[in-house]
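Here's the structure we're looking at; comments come further down.
Where a number appears in this text, it was derived from the coordinates with a stated rule and is not lab data. None of these values were measured; they are calculated from a predicted model. Note that we place each Cβ from the backbone using ideal geometry, even for glycine, and neighbour counts take in every protein chain shown.
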């Protein structure tokens, strides 16, 4: 029992639950993780997944009109396929997280989605509609095994409790931004193809962000994850406090005896 308590004290961060809102947003130990996770959530929602989940039926109707109903997949069937594929890939993503690091998943997922979104845009622009639809399906797979799952897991791992609300606020603000801009872009000079190219560019920026600035959490303890973006001196100080606390708890039973 004592060994279990000692292990928990060494690997978990009780301090993270006591951090104030001001420290989570502006403090040197936790602010960087908070704002980095806000950026991750921005790229999560601006990946373009909303185009394929909200506007897919309209896109398929447009494709059928352009091909005089020659497209092999009906709007209803195409929508159902995507609707079924999303939860299946979400479950698959839960297994991927167990074997690969968060940074690797986010980085590879972002560049894969950038390629898929660019390919969808090219397919629609050059009227390669079957290729465009296949790349839509590949995009959905990439999103759900990477950003769709890992963005939320990673943010929960590296941010303190007070920062969770800020991070989720950034996610919903990004969602509002998508709802305001997506349809406008598709009806503008960009058209549908150009809109996908815009999201391809945003995914590429997300790839660069994850590649350069996101740190890996796989194999770290909870306490180490919370201080992943803290200055080095803060990490050393926290580790020292944790060791001192464990030593005090080890000495206490001996004094009783």
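Points worth noting:
- Cut-off 19 Å (backbone N to label point 7 Å along Cα→Cβ of residue 21), residues of the range 163-192: 163-173
- Volume of the Cα convex hull of the range 10-90, divided per residue and given in Å³: 135 Å³
- Put the Cα centre of the range 205-230 next to the Cα centre of the range 80-134 and the gap is 23 Å.
- Each principal axis of the Cα cloud of the range 94-211 was taken in turn, and the coordinate range along them, longest first, works out to 47, 32, 21 Å.
- The simple Förster model, with R0 at 22 Å and r as the Cβ-Cβ distance, assigns residue 76 and residue 134 a FRET efficiency of 0.75.
- Tail fraction, Cα-Cα pairs, the range 134-197, threshold 18 Å, whole percent: 56 percent
- The length gained on full extension between residue 218 and residue 32, counted as 0.36 nm times the residue separation minus their Cα-Cα distance, comes to 65.1 nm.
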